[in-house]
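Asks: Before I ask anything, let me first share the structure, which is written out below as structure tokens.
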Amino acid sequence: MAGPGLSARRGALRTLQAVLAAVALLALLWSGGLAWFAEASRQGPERPALATEAIVVPTGGSGRLEEGMRLLEGGLAQTLFVTGVGEGVEHAELSERHDPALWACCVELGYEADDTAANAREAAAWMQSRSFSSLRLVTSGYHMKRAMMEFRRAMPSATLVAHPVFPEHVKVEHWWRYRGTAGLIASEFTKYLWTLARRTLGFGTRRRTPWGTRCAPRSARSRSTPGG
């Protein structure tokens, strides 16, 4: 008959085996999810010829603002809104890099957001102030799924069109071969899972107005934004 010490060791071993099995299962699920997420990050724009009332560009990634301006010049929206604008770049510098007339008439900047959820709330407040109900969201492909989740929550009744851009330094086609790209996609996938968990379980979320925000963008005439 086994003694108390042997029974305890067997119990600890079974517990350890169960924990390791759970960790292995979670790692397998996470790896499969990462592969799905990376593939989804390669998808092109939705309905590329569809016009919307606005184009919204969150700051933080290269090529976003340039693509937003290209779409605006192509007549796919009335106005472009840049959310999450920071300090350090003069408004005049941005006008020189783009069509000054188009920039003066049709681009507005928001300064209240510092992350993706705040981008969505700031854009929602701006959309509400303009009585707009449709937008084309321009952001990096690896950022799009999380951004669309936040924007849909902030604007559940709005028509949202995803328009990803693909920075040259992010090698999405063979992402696993490049340490920088693999790390970026893994980090973004983890943020996506965390956002999904928060949204599903309802913790860490702010009280919403009907459009999801109480932020108000400031005038585009007085401040500045990063150019990418």
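Asks: Filter the stretch 29-69 down to the residues that are in contact with a Gly (Cβ under 8 Å, 6 or more places away or on another chain) and exposed (fewer than 14 other Cβ atoms within 10 Å of the Cβ), then identify the one that is farthest from LEU184 (Cα to Cα).
Replies: Selected residue: GLN43.
Asks: Got a number for residues in the stretch 177-198 being in contact with an Asp or Glu (Cβ under 9 Å, 6 or more places away or on another chain) and surrounded by fewer than 16 Cβ atoms within 10 Å (Cβ to Cβ)?
Replies: Going through the stretch 177-198, the residues in contact with an Asp or Glu (Cβ under 9 Å, 6 or more places away or on another chain) turn out to be 195.
With the extra rule that they be surrounded by fewer than 16 Cβ atoms within 10 Å (Cβ to Cβ), the set shrinks to none.
Count: 0.
Asks: Go over the candidates LEU26, LEU6, LEU13 one by one and state the one that is under 21 Å from GLU188 (Cα atoms) and modelled with pLDDT under 80. So that I can check it myself, show each step before the final result.
Replies: On the way: LEU6 fails: under 21 Å from GLU188 (Cα atoms); LEU13 fails: under 21 Å from GLU188 (Cα atoms).
Testing whether each residue is under 21 Å from GLU188 (Cα atoms) and modelled with pLDDT under 80 leaves just LEU26.
Asks: Cβ-Cβ under 6 Å, sequence separation 6+ or interchain: first residue in the stretch 152-168 and in a loop (DSSP other than H, G, I, E, B), partner at pLDDT 95 or above and surrounded by fewer than 19 Cβ atoms within 10 Å (Cβ to Cβ). Which pairs?
Replies: ALA158/SER133
Asks: Which ones in the stretch 59-89 are touching a Cys at 6+ places or on another chain (Cβ under 8 Å) and part of a strand (DSSP E or B)? Lay out the reasoning, then the answer.
Replies: Start the filter on the stretch 59-89 by keeping residues that are touching a Cys at 6+ places or on another chain (Cβ under 8 Å), which leaves 72, 78-80.
Across the stretch 59-89, the qualifying residues are THR79, LEU80.
Asks: In the stretch 135-151, how many residues are under 19 Å from LEU76 (Cβ atoms), part of a helix (DSSP H, G or I) and hydrophobic (A, V, I, L, M, F, W, C)?
Replies: Count: 4.
Asks: Residue under question is ALA12, and the condition is that it be in a helix (DSSP H, G or I) and of a type in the set (Gly, Ala, Ser); does it hold? Working first, answer last.
Replies: Details: in a helix (DSSP H, G or I): yes; of a type in the set (Gly, Ala, Ser): yes.
Taking the combined requirement at face value, the residue satisfies it.
Asks: Could you tell me whether any residue of the stretch 106-128 is buried (at least 21 other Cβ atoms within 10 Å of the Cβ), charged (D, E, K, R) and at pLDDT 90 or above?
Replies: Yes, because at least one residue in the stretch 106-128 is buried (at least 21 other Cβ atoms within 10 Å of the Cβ), charged (D, E, K, R) and at pLDDT 90 or above.
The values are calculated or read from the model by the stated rules, or taken from the named source; none is laboratory data. Just so we're clear, the structure is a prediction, and the values are computed from it rather than from any experiment. No Cβ is skipped: glycine too gets one built from the backbone with ideal geometry, and neighbour counts run over all protein chains shown.
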